[in-house]
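Taking it in order: structure first as structure tokens, then the write-up.
Only the coordinates and a few stated rules stand behind these numbers; no lab work does. Bear in mind the structure is a predicted one, so any value in this text is a computation, not a measurement. Don't worry about glycine lacking a Cβ; one is built from the backbone with ideal geometry, like all the others, and counts go over all protein chains shown.
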Amino acid sequence: MMNFMDKDFLLSNNTAKELFEAVKDEPIIDFHNHLNPKEIYEDKCFDNMAQVWLGGDHYKWRAMRANGISEKLITGDGDDFEKFMAWAETVQNLIGNPLYHWTHLELQRYFGVDEPLNPDNAKKIWDKCNEMLHKKEFSVRNLLRMQNVAVLCTTDDPVDSLEWHKKIKKDGFEIKVLPSFRPEKALGIEKEGFADYIGTLSRTVEFHLGDSESILKALELRLSFFLENGCRVSDHSLEGLFFVPTTRKEVDKIISDKLEGKELTEEQIGKYKGYMLTELGKMYAKHDIVMQLHIGAIRNNSERFFKKLGADTGFDALNDFNYAPQLSALLSAMDLNDELPKTILYCLNPKDTEMLVAMAGTFCGNEKGIKSKVQPGAAWWFCDHKNGMERQIEAMSDGGLISTSIGMLTDSRSFLSFPRHELYRRILCNKIGTWVENGEYPKDDAYLKNMVKNICGKNAAEYFGF
């Protein structure tokens, strides 16, 4: 029997162990997360483990609810130690869940705690970790240094001043903290706050916005500002109908109707989003910005808790709509005159994994030598576990080139989340090692080690232009 999460965790053969040894210390490029740049600039220190682990982490909140924990000890005003104890009780019940692996990798890598967390030892672990957190060596910046993070890209609205990104750079922090351009509110024409947001964007650029041309002009001005501050990537969440063929004239009428307070049909919403996504994609291509498309969430399913807690609190799920024709039409509309940017496709529903691999391969053709110009992204959100990562690696290998993959990201709000890269690296090395040991690929050590290093960082550095 193997020991619990020891040095050979998830590495089932000698080749896998050799490959992981070659890649385990490679710098981390985390090109999509939701970390707070203000906390990085201020080099925040956390008071205790409940704050650093449970604050804002809807993954853990969902697990705690499933374990019957009171909301007071999840998002409520309960005592921090009691919240930690509730999490420790939940952890013991998480067999097979990625949260179990994440939790213990974080305990091991940051705090040197090798024993499994449970209610019996929770107080001892609480005291030990809190004592360490209170030291400057465990500030936010030092937590990033511990995991050898080289680049991280936060997720930012076009109207953001990027004040904290500027201050971080001016401060001389050696880790690149770069903004990502996420114009979700400008595309969310179905949302109640759309008109208010257009007003905010208008005040930011200091001219009136009332049609597609002016909105796109404003967004390009903000994109230019983001580029000046190191932005290399954009991000979009696609849910429901996101592409219906249309004309600029139709879209301008849709915008006018919305700003006048009229109700829009689903088709009108799809026309607006498809048109704006197409034009933004062309804009990204012009500025050599990568376009990320996260597809398939169905959000805020519990109306009761949405009213009580708001969005991003653990009440989202994966949708099951079929969107291949829409995605094909969107990518083709950008590609028609060779204006398709480098694009990463993420699916939330695992049923779409192979479809995205095939779709990505259809749009890879280019004369610039870009490898996997369009490619499926890492296993995302509800797929972000051992099975999901293995399926993504296998699907990309089956229908494309895993050797050109840009690898893993955290998509996290937690400064302790970076061992997820280690988990991915172990799974990747084990998969490749197994193919080699099964005689499915030659044991070319130099090539294989270079390949896994590329997947775990170097491909991303080249793809994004960091």
Out of Gly230, Ser256, Gly240 - ranked by how far each Cα lies towards the positive end of the dipole of the range 226-294, with unit charges on the beta-carbon of charged residues - the top one is Gly230
Tell me the trypsin sites (Lys or Arg not before Pro) within the range 285-381 that lie in a loop according to DSSP and have at most 14 other beta-carbon atoms within 10 Å. Arg299, Lys368
According to the Cα gyration tensor, what semi-axes, each the square root of 5 times an eigenvalue, does the equivalent ellipsoid of the range 46-148 have, listed from largest to smallest in whole Å? 21, 15, 13
Calculate the length of the line joining the C-alpha centroid of the range 144-162 to that of the range 107-134, in whole Å. 27 Å
Just to be sure I understand: of the beta bridges DSSP finds with both ends in the chain, what percent are antiparallel, rounded to 5? 10 percent
Karplus couplings for the range 339-351 from phi (6.51 cos²θ - 1.76 cosθ + 1.60, θ = phi - 60°), rounded to Hz, Gly and Pro as x? 10, 7, x, 4, 9, 10, 10, 10, 10, 8, 8, x, 4
Can you find, among Gln147, Met49, Leu345, the residue sitting farthest towards the positive end of the charge dipole of the chain, where Lys and Arg contribute +1 and Asp and Glu -1 at Cβ? Gln147
If the label point sits 7 Å along Cα→Cβ of Glu184, residues of the range 30-71 with amide N under 15 Å come out as 32-36, 57-59
Here, GluC sites (Glu not before Pro) of the range 349-421 satisfying both criteria (DSSP loop; at most 15 other Cβ within 10 Å) are Glu367
Extension gain Glu339-Ala324, at 0.36 nm per residue separation less the Cα-Cα distance, in nm? 3.4 nm
Percent of alpha carbon pairs in the chain separated by more than 40 Å? 20 percent
I want to check a number: in the range 19-118, how many lysine pairs have alpha carbons closer than 26 Å, given a sequence separation of 8 or more or different chains? 8
From phi via Karplus (6.51, -1.76, 1.60), per-residue ³J(HN,Hα) for the range 451-462 in Hz, x at Gly/Pro: 5, 5, 5, 4, 5, 8, x, 5, 4, 5, 4, 6
Mark the label point 7 Å from the Cα of Asp43 along Cα→Cβ and return the residues of the range 128-158 whose backbone N is within less than 16 Å of it. 133-146
Integer Hz, Karplus 6.51/-1.76/1.60 couplings in order for the range 155-163, x for Gly and Pro: 10, 9, 6, x, 7, 4, 6, 6, 3
Counting only C-alpha contacts under 8 Å and six or more residues apart, can you give the relative contact order of the chain as a whole percent? 21 percent
Which far-off residues, 5 or more places away or on another chain, put their amide H under 5 Å from the one on Thr343, with H placed in the peptide plane? Met291, Val374, Gln375
Filter the chymotrypsin sites (Phe, Trp or Tyr not before Pro) in the range 1-77 down to the DSSP loop ones having no more than 11 other Cβ atoms within 10 Å, then list what survives. Phe4
Which entries in the list Lys128/Lys307; Lys191/Lys308; Lys135/Lys167; Lys282/Lys307; Lys167/Lys307 go over 27 Å, if you measure between the two C-alpha atoms of each? Lys128/Lys307; Lys282/Lys307; Lys167/Lys307
Too long for a 30 Å Cα-Cα cut-off, among Lys258/Lys373; Lys217/Lys258; Lys169/Lys286, are Lys258/Lys373
Amide H within-cut-off set for Asp8, under 5 Å, with H built and near neighbours excluded: none
